[in-house]
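Engineer: Below you'll find the structure I mean.
Throughout, read-outs are computed from the coordinates displayed, never taken from laboratory work. As the structure is a computational prediction, the values presented were derived from the model and not from experiment. Positions of Cβ are backbone-derived with ideal geometry, glycine not excepted, and every protein chain shown enters the neighbour counts.
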Amino acid sequence: MPKAGESSSVQSPKHVTATHDEEDASSLISDDTQQQGVKRIEAISQTWTHSSLIAAYVGIFLLACCTSLEVQTTSNLTVYATSAFAEHSLVATVLVVQGVVNAVVKPPMAKIANVFGRLEAFAFSIFIYVIGYIQMAASNSVKTFASAQIFYSAGSTGLQILVQIFIADTSDLLNRALFSSLPDVPFLFTVWAGPPIADSILARTTWRWGYGLWSIVLPLAFLPLALPLYLNVRRAAKFDVLSPSSTQHQSLGRGLKRFWYDLDVMGLLLLSAAISLVLLPLTLAATATSKWHNGSIIAMLVVGGVCLVAFPVWESNPRLAPHPFLSLRLLRNRTVLAGCALGFFYFAVFYTSIQPYFSSYLQVVHSNSVTAAGHIVLTFTFTSTVTSVVVSLLIKYTRHYKYYITAGGCIYLLGVGLMIRYRSQSASTAQIVGTQIVVGIGGGMINVPAQLGVQASVEHADVAAATAVFLTILEIGGAVGTAVSGAVWTGNLLPKLQEYLPPAAQGDAKAIFGNLTLAKGYAAASPEKVAIDRSYQETMDILLVIAACFCAPLIPLSLLMRNYRLDTIDQRVKGKVIGTDQARPGATRDGEDEGLAEDSRQKSWLRRILR
């Protein structure tokens, strides 16, 4: 297995000789390995001033405040939106659509940022984000509501990846973990504000306004970030450090062909089709009339499987994909692969144990209000945010990241085990909250350090792609977890309701299954309520066992990541960044010289793994 630094020696696709029949594809791709957006941000970074960087980060924080408050509010409204259409059980399908879009949008958004520029990609994300808000507020069926997730999730996940790319552009590795946690800081207070806002919206108006109001608030919140970005682009142009666009003086046809190669359109389409057509049937089959005998579901799985096989074939051909989303350099990087796999299982656990049905479980089995259930669910978010900030500070001063991931994996697994023991009908609120705190501490020690490790293992030209890959696999893990949750929920809850409900209420089983408000409405200790609580509890028990299975690989995967000494790494970032402007004397891109010397001193197999 080559070292992370060795992956940079892989031959660039631009060196591959193209045939005449391929219409000289090499002439349609970038003239070097760095695409236009990367060149632009490196040129713009040379003109950043301290005041403009501070203004940009203040803008990021304000935008994060807006989006985090929106998430904490609308996450409590989804079950009521689907219940309004008598389809509460399809909340998992809605979230699978979100997860699929979250996964497939990150690569093209990173590509757009690399090809067109950071400001342009930010503006595009805000635009489609607002369209999603408007469509959800106006939806009149669960199908329309689910389709709105395409725009909503595309915009939200676009902002997420772009913020992380911007932070990677403007910070060194020692400070990056800390600044990567900046967008999470608002969760420290929005987790408590979101549920009461959702409760107030439901009490005074309809769930539709809970989505519609953000179409006004979000563009206003973006202005403090857009202004310094725009002014710095103007400043870079004034000082003539921006290279002219390589698409100038090209015909429309050649320009479209160039963007086809630069954006890797076919690769992204194959990835999108593979993820969506494999995951969606998992939740849809359980509610389909003929279940797995439904022809359309089987067809989706077959086509999705074909696309899943075709995707790596396409990406590995330098003539078909000269600028692939899944770069060969990344595929040969042990830390990238281990970090991405770790992120996959981390999110899969979250979306089988906490989302999407934990809030419904609390409201039905423990008779919690929307606000109380929201606060309990969001204890994880609050705890993980605090932990990630603390760990980011420790990384800055210890200059290592790997130890925290391994410790976090152990604590995360412990927390899931405690959930199995204490998430029960007889458990107190303190016990349930306690398990959320333990899992939150473990989660906060995994996510940001794992992303940092992936970024540290590549050069600056690959940071956007590596970040996109990591966050994409993260979302795929979430989509898989949500799909499994939906399949388990729809495949178990209704049969259990039909089995446990008293004969007089047997005919209401489907209505109770599809409407959270109805499931909550029965009197305590009534035969119907006892049957409903038992059905919910047994279904939740199954989900928690699956979550524990997903959690098991985290520890061995953390040991596979290289333990870079972050202050020895030079990613060759050009321009002004937060932290050191120059690499330390004797530093290499991946600390390779120091790593070889250290390896010669470490003889035992255990010390080699921990290295």
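Engineer: Can you list the residues, at least 5 places off or on another chain, whose amide H is less than 5 Å from the amide H of SER171, using H built in the peptide plane?
Structural biologist: ILE578
Engineer: What does the highest-first list of 352-358, 503-509 look like by mean Cβ count within 10 Å?
Structural biologist: Taking the mean over residues of other Cβ atoms within 10 Å, the ranking is 352-358, 503-509.
Engineer: Here's another thing I want to ask about it. Return the whole-Å distance between the Cα centroid of region 53-70 and the Cα centroid of region 461-479.
Structural biologist: When both Cα centres are located, 22 Å separates them.
Engineer: Calculate the radius of gyration of the Cα atoms of region 478-536 to one decimal place, then report Dmax, the largest Cα-Cα distance, as a whole number, both in Å.
Structural biologist: Calculated on Cα positions, Rg and Dmax stand at 12.1, 39 Å.
Engineer: Cα centroids of region 348-421 and region 120-142: how far apart, whole angstrom?
Structural biologist: Between the Cα centres of region 348-421 and region 120-142 lies a distance of 29 Å.
Engineer: Just order 58-65, 161-168, 386-393 by mean Cβ neighbour count inside 10 Å, highest at the front, would you?
Structural biologist: In descending order of packing, they fall as 161-168, 386-393, 58-65.
Engineer: Which value in nm describes the separation of the simple spin-label points at VAL530 and SER147, placed 7 Å from the Cα toward the beta carbon?
Structural biologist: Going by the 7 Å Cα→Cβ label model, 4.7 nm.
Engineer: Using only the Cα atoms of region 393-519, build the gyration tensor, take square roots of its eigenvalues as a ≥ b ≥ c, and label the shape rounded, prolate or oblate: rounded if a/c is under 1.5, else prolate if a/b is larger than b/c, else oblate.
Structural biologist: oblate
Engineer: What's the FRET efficiency of HIS50 with LEU223 using the Cβ-Cβ distance as r and R₀ = 22 Å, to the nearest 0.05?
Structural biologist: Rounded to the nearest 0.05, the efficiency is 0.55.
Engineer: Give the peptides 294-300, 495-501 in descending order of average Cβ contacts within 10 Å, highest first.
Structural biologist: Sorting 294-300, 495-501 by mean packing, highest first, produces 495-501, 294-300.
Engineer: Once you list every other residue whose beta carbon is under 14 Å from the beta carbon of LEU225, what net charge do they have if Lys and Arg are +1 and Asp and Glu are -1?
Structural biologist: Once all neighbours under 14 Å are counted, the net charge is -1.
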